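Each remark here refers to the structure printed beneath this line.
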Amino acid sequence: TFADALTGLNQCGINGAVVFNINAGTYSNQLILGEVFGSSAANTITFKAANNDSTSVIMNYNASTSTDNWIIKLNGGDDYIFKNLCFAPANSSYSNAIVFANAATNNEISGCLFNGNSGTSNDLASVRIEDITSVNNRIIGNRFNSGSMSVMCKGISTTSLLCNITVKNNILNNF
């Protein structure tokens, strides 16, 4: 289970790159990912569809307020990779799929499918980065379907901006 994987990471750390191959299915979990001892640019932690089909592993969660509005929250988590997963938030008012917070650094989202909910609220952004200390993150080669925005990057003022965020080769539909 995801709980077992996170417990192992948090209690033991890692000493090399780790890949979690996720079997096809729908997973209704909310995950908070923090720092893991031993992770680095070379020792990454990857969560990916076992069959590499971004429609086969569906991650969802039914958030009820803006305070629990995420499927995955990178809460200071570094060196994570999410590959070929589908994110489909279950609530039409609160549907952030991935949130970067508290200096989440050197993470990558690639080849994923985001099925968002239409509207105009920041609470509907598929990927949300509002922490100016979350740097060196990459959002590459994903497909975003609907939502208020695909990727929301927001500094805290005109002088405190987000830095080193790569968003490229993504496909946006119905925005």
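The values are calculated or read from the model by the stated rules, or taken from the named source; none is laboratory data. Since the model is a prediction, treat every value here as computed from it, not as a measurement. Cβ atoms come from the backbone with ideal geometry, glycine included; neighbour counts cover every protein chain shown. Quick note on the areas: whole protein, heavy atoms, side chains included, nothing else; ligands and nucleic acids left out. Shrake-Rupley method; radii C 1.70, N 1.55, O 1.52, S 1.80 Å.
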| Tell me, which residue of region 22-36 that is hydrophobic (A, V, I, L, M, F, W, C) and not in a strand (DSSP E or B) is most open to solvent (accessible area, probe 1.4 Å)? | ALA24
| request: Would you confirm whether any residue within region 94-114 is surrounded by fewer than 17 Cβ atoms within 10 Å (Cβ to Cβ) and closer than 18 Å to GLY76 by Cβ? | output: yes
| query | Quick one: which of ALA97, ALA101, ALA88 is within 15 Å of the chain's Cα centre (by Cα) and farther than 24 Å from GLU35 by Cα? | reply | ALA88
| message | Quick check on PHE82: is it open to solvent by less than 10 Å² (accessible area, probe 1.4 Å), more than 18 Å from ILE165 (Cα to Cα) and either of a type outside the set (A, V, I, L, M) or in a loop (DSSP other than H, G, I, E, B) (or both)? | response | no
| note | Apart from one, (1) open to solvent by 30 Å² or more (accessible area, probe 1.4 Å); (2) closer than 23 Å to GLY76 by Cβ; (3) assigned to a loop (DSSP other than H, G, I, E, B) all hold for ASN51; the odd one out is (2)
